[in-house]
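Report on one structure; see the data block that follows.
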Amino acid sequence: FSSVRLTTNGLLKDDARDRLLNAFLVEPRVDVTVALMTHDAKLYDEIMEPQCEKAHDCVISFIRAATELGLHVETTAVDRPKVDKEQTQQLARVLGTTLRWRPYYP
C-alpha cells in the first residue's frame, strides 16, 4: 500500500475535524501536512487572512488531534520576513511534528 497524504490548513470546526481524522484511521498509512506558518497567532492571521476567529488556535488544535490519533503529521511554514524561524521550529517540536520550510516569493 502506498500512503495517503492529507494536505490542509487545519481550519475545521472540532466536529468536522474529528470526523475527518477518524475516517483516516482506517487507512493503512495516512500522512498529514498542515500549514502551521508561524508560532505567532497575530502574524498567522496576517499571512493566512482566515475567515474565522482564533484561526491559529484551530490549527494547533487540528495538529494536536491528528498526532494524538497516531497520525504522522508534518507542518509547513513559509520562510518569509517577520516569521521567527526558531520559535516556529520550537512550536513544531512541542506539537510532535516535523517542520518543512517553503520558500517565500513576494
Seminar exercise, completed: At R0 = 22 Å the Cβ-Cβ FRET efficiency linking ASP84 and ASP57, nearest 0.05, sits at 0.75
Seminar exercise, completed: Long-range amide H partners of ASP31, meaning residues 5 or more apart or on another chain whose placed amide H is closer than 5 Å, are VAL4, ARG5, LEU6
Exercise. Between ARG5 and LEU20, what length comes free when the chain is fully extended (0.36 nm per residue of separation minus the Cα-Cα distance, one decimal in nm)?
Worked result: 4.1 nm
For this session: Report, to the nearest whole %, how much of the accessible area of the chain belongs to carbon and sulfur atoms, 1.4 Å probe, protein only.
Result: 49 percent
Exercise. Rounded to the nearest whole Å², what accessible area per residue is found for region 8-51 with the 1.4 Å probe?
Worked result: 57 Å²
Exercise. In the neighborhood of TRP101, defined by Cβ-to-Cβ distances under 9 Å, what is the net charge if each Lys or Arg adds +1 and each Asp or Glu adds -1?
Worked result: +2
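The values are calculated or read from the model by the stated rules, or taken from the named source; none is laboratory data. For clarity, every value in this text was computed on a predicted model and none was experimentally measured. When we count neighbours, we look across all protein chains shown, and the Cβ atoms used for this are built from the backbone with ideal geometry, even at glycine. Heads up: the accessible areas ignore ligands, DNA and RNA and are worked out on the full protein's heavy atoms, side chains in. Shrake-Rupley method; radii C 1.70, N 1.55, O 1.52, S 1.80 Å.
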